[in-house]
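The values are calculated or read from the model by the stated rules, or taken from the named source; none is laboratory data. What you are looking at is a predicted structure, and each value in this text was computed from that prediction instead of being measured. A quick note on method: Cβ atoms are made from the backbone with ideal geometry, for glycine too, and the neighbour counts reach across all protein chains shown. Calculation scope for accessible area: heavy atoms of the full protein, side chains included, ligands and nucleic acids excluded. Shrake-Rupley method; radii C 1.70, N 1.55, O 1.52, S 1.80 Å.
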Amino acid sequence: MNISMTINGRKVSAEAESRTLLAYFIREEAHLTGTHVGCDSSSCGCCVVLMDGTPVKSCTVFAATADGHSIQTVEGLKQGGTLHPLQQAFTDQHGLQCGYCTPGMLMTSLALLNRNPDPTEHEIRDGLSGNLCRCTGYNNIVKAVQQAAGVMSAGSKVEAAPAADD
Ligand code: FES
Ligand code: FES
């Protein structure tokens, strides 16, 4: 069957079997290999992408389900040559070691900050509870999300300032 979706703003269409999982469609048809597959059974969160802004574990979503939808992967975070505040924060706070879990951590964190721009530490840990990391012990990941939250909310306040004067 033909499956079409928008991935990071680019339309991707390909022939795929109805049983094809979104993670494999992204990796093998769109050739975006930043989305990792760790467990293939909805346990680790390595494969999280945003579907219409909502985080989904792409190893348990059929590509056909995403037909006609908008997908954002980790490759869509960087704008031009500039890292997204979350990517910069994970770098600054040493929020990764091997990096295998990182794409899923970043996308889950983005969804968390989009719905809660100023989360508490508990809310961050709760928001990331579906993402497993074998390396970091999580503390630096939490610090990274806190750093990004500060940067992102400062940015939105700067952007919002002119509108407030109108
Ligand atoms: Fe999807 Fe582990 S690969 S949750
Ligand atoms: Fe290695 Fe998270 S950095 S699994």
Residues satisfying the stated conditions in the stretch 35-55, i.e. assigned to a loop (DSSP other than H, G, I, E, B), under 10 Å from the mean Cα position of the chain (by Cα) and of a type in the set (A, V, I, L, M, F, W, C): Cys46, Cys47
Qualifying positions in the stretch 56-73 - over 11 Å from Thr20 (Cβ atoms), assigned to a helix (DSSP H, G or I) and open to solvent by 20 Å² or more (accessible area, probe 1.4 Å): Thr60
Unique residue being open to solvent by 70 Å² or more (accessible area, probe 1.4 Å) and within 16 Å of ligand 1 (Cβ to nearest atom) when the list is Ser109, Ser129: Ser129
Residue match in the stretch 115-134 (condition: within 22 Å of Asn8 (Cβ to Cβ), of a type outside the set (Phe, Trp, Tyr) and more than 13 Å from ligand 2 (Cβ to nearest atom)): yes
Evaluation of Lys143 against (1) away from ligand 1 (no atom under 16 Å from the Cβ); (2) crowded, with 19+ Cβ neighbours inside 10 Å (one fails), failing number: (2)
Some residue of the stretch 115-125 being within 22 Å of Ala30 (Cβ to Cβ) and either open to solvent by less than 30 Å² (accessible area, probe 1.4 Å) or not in a loop (DSSP other than H, G, I, E, B) (or both): no
Among the candidates Gly9, Gly81, Gly76, Gly53, residue that is more than 16 Å from ligand 2 (Cβ to nearest atom), open to solvent by 60 Å² or more (accessible area, probe 1.4 Å) and touching a residue at least 60 places away in the same chain (Cβ under 8 Å): Gly9
Selection within the stretch 97-106 - hydrophobic (A, V, I, L, M, F, W, C) and buried (at least 23 other Cβ atoms within 10 Å of the Cβ): Cys101, Met105, Leu106
Breaking point among (1) more than 28 Å from Ser58 (Cβ to Cβ); (2) modelled with pLDDT of 95 or more, for Ala164: (2)
Subset of the stretch 28-48 that is of a type in the set (S, T, N, Q) and open to solvent by 40 Å² or more (accessible area, probe 1.4 Å) - its residue that is farthest from ligand 1 (Cβ to nearest atom): Thr33
Filtered residue count, the stretch 129-145, keeping only those that are under 18 Å from Gln88 (Cα atoms) and at pLDDT 95 or above: 8
